[in-house]
Amino acid sequence: MTKKYLPADQERDFNVLKRQILKDKNFDCNQYRDNYVKRRLAIRLRANNVDSCKDYAILLKRDPTEYDKLIEALTITVSEFFRDTSVFAYFRKTVIPALIQDKRRKNQKIIRIWSAGCASGEETYSIAILMSDFLGANLGNFLIFVHGTDIDDESLEKAKRGEYTFEEVKNVRKNFLSRYFIFDREKYSVRDKIKGMVKFKKHDLVSGKPLAHFDVIFCRNVSIYFSMDMHEKLYMDFYNALNDDGFFVMGKTEMLYGNARGLFIPVNVREGIYQKKVVK
Ligand SMILES: C[S@@+](CC[C@H](N)C(=O)[O-])C[C@H]1O[C@@H](n2cnc3c(N)ncnc32)[C@H](O)[C@@H]1O
């Protein structure tokens, strides 16, 4: 199952299985690289002691709860607060001041940020914390909305709760922990002031309706699992979703592909930060 190409009959069964998953669950495996899907499928096949896509397709029909486990296996949801600290440091030092200056110049109060593929909310809250930290007493002069979206229900539930273990907040600076979290019953809960800035919603980056009017989009460590065709669609969608001069923050191992490459100006390539090029 982990091989890139399977014998023709197994390759056909693999494609039949993908179509069945799309039909039954409206979940499009073609958004991901085939090799990645095969690796994740192999985990579920092993877990069920099944050794072919054909038998696994029958199992899915017989036991629909297996679908949940499969989709969970396909959508890896690990995240961290301030994941890749240098990215967030650069964002705090350079991007936020530029954004605020631009908003003041245009006399605009609303700031909309999208954390696409937000998993359990760590990225979304990290952004809200930095906005609050930068603006300090001036926070009330702006209306800040940080939208966290993901396809995974369980992650979104956790994100909405905003409760994390000691291990999960290990990247959060001590002064941020005391300022933006409440420690109670062995859990760190995000304070209401930060929670009030964020909103979590289910949204599929592949089939969901396009979102728009964002000043900043974070989409980090999501596209790595996507096929090349999907990469291009994703980045074009983000381009269209950004306001003029808006910023796009991608994962450190991700890259812009195809037409999207000409549409973003590199701000800091090492940190994966780009700005929308305004094409007149
Ligand atoms: C590895 S996590 C990255 C989380 C966070 N952005 C970070 O960098 O820490 C990838 C997330 O992308 C989500 N995801 C995968 N496919 C998606 C899709 N088609 N639409 C929306 N979210 C998706 C997964 O559910 C998962 O939570």
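The values are calculated or read from the model by the stated rules, or taken from the named source; none is laboratory data. On a predicted model such as this, the values are computed, not experimentally measured, just so you know. All Cβ positions, glycine included, derive from the backbone under ideal geometry; neighbour counts span all protein chains shown.
Could you list, in sequence order, all residues of the range 1-25 that are under 28 Å from the mean Cα position of the chain (by Cα), at pLDDT below 90 and loosely packed, with under 15 Cβ neighbours inside 10 Å?
Residues satisfying the conditions are THR2, LYS3, LYS4.
Considering only the range 85-128, state which residues are part of a loop (DSSP other than H, G, I, E, B) and either surrounded by fewer than 24 Cβ atoms within 10 Å (Cβ to Cβ) or of a type in the set (Asp, Glu) (or both).
Across the range 85-128, the qualifying residues are LYS106, ASN107, GLN108, LYS109.
Would you check if there is a residue in the range 147-160 being farther than 25 Å from TYR239 by Cα, touching a residue at least 60 places away in the same chain (Cβ under 8 Å) and not assigned by TED's automatic domain parsing to the domain that holds TYR32?
Scanning the range 147-160, I find at least one residue that is farther than 25 Å from TYR239 by Cα, touching a residue at least 60 places away in the same chain (Cβ under 8 Å) and not assigned by TED's automatic domain parsing to the domain that holds TYR32, so the answer is yes.
Say whether the condition of being within 13 Å of the ligand (Cβ to nearest atom), within 19 Å of ASP24 (Cβ to Cβ) and not in a helix (DSSP H, G or I) is met by at least one residue in the range 71-84.
Within the range 71-84, one or more residues are within 13 Å of the ligand (Cβ to nearest atom), within 19 Å of ASP24 (Cβ to Cβ) and not in a helix (DSSP H, G or I).
So, in the range 130-178, of the ones that are of a type in the set (D, E, K, R) and touching a helix residue (DSSP H, G or I) at 6+ places or on another chain (Cβ under 8 Å), which residue ends up surrounded by the fewest Cβ atoms within 10 Å (Cβ to Cβ)?
GLU154
Hey, can you tell me all the residues within the range 127-157 that are of a type in the set (Ser, Thr, Tyr) and within 9 Å of the ligand (Cβ to nearest atom)?
Listed by number, the residues that qualify are THR149, SER155.
Taking the residues in the range 202-226 that are within 22 Å of ILE144 (Cβ to Cβ) and near the ligand (Cβ under 8 Å from one of its atoms) as candidates, determine which candidate is surrounded by the fewest Cβ atoms within 10 Å (Cβ to Cβ).
The extreme case among them is HIS203.
Scan ASP68, ASP55, ASP9, ASP34 and give me the residue that is under 26 Å from LYS158 (Cβ atoms) and out of contact with any Ser or Thr (no Cβ under 7 Å at 6 or more places or on another chain).
Residue meeting the stated conditions: ASP68.
Looking at (1) aliphatic (A, V, I, L, M); (2) assigned to a loop (DSSP other than H, G, I, E, B); (3) out of contact with any Gly (no Cβ under 9 Å at 6 or more places or on another chain), which is the one condition that is false for LEU135?
LEU135 satisfies all of (1) aliphatic (A, V, I, L, M); (2) assigned to a loop (DSSP other than H, G, I, E, B); (3) out of contact with any Gly (no Cβ under 9 Å at 6 or more places or on another chain) except (2).
If LYS160 passes every condition in (1) within 24 Å of ILE100 (Cα to Cα); (2) in contact with a strand residue (DSSP E or B) (Cβ under 9 Å, 6 or more places away or on another chain); (3) of a type outside the set (Gly, Ala, Ser) but one, which one does it miss?
It fails just one condition, (1).
Condition test on GLY272, is it within 14 Å of the ligand (Cβ to nearest atom), crowded, with 19+ Cβ neighbours inside 10 Å and under 19 Å from PHE91 (Cβ atoms)?
Yes: the conditions hold for GLY272.
Hey, can you tell me all the residues within the range 234-252 that are touching a helix residue (DSSP H, G or I) at 6+ places or on another chain (Cβ under 9 Å) and of a type outside the set (Gly, Ala, Ser)?
LEU234, TYR235, MET236, PHE238, TYR239, ASP245, PHE247, PHE248, VAL249, MET250, LYS252
Sort through TYR257, TYR239 and tell me the only one that's more than 25 Å from PRO97 (Cα to Cα), among the aromatic types (Phe, Trp, Tyr) and over 14 Å from the mean Cα position of the chain (by Cα).
After applying the criteria, what remains is TYR257.
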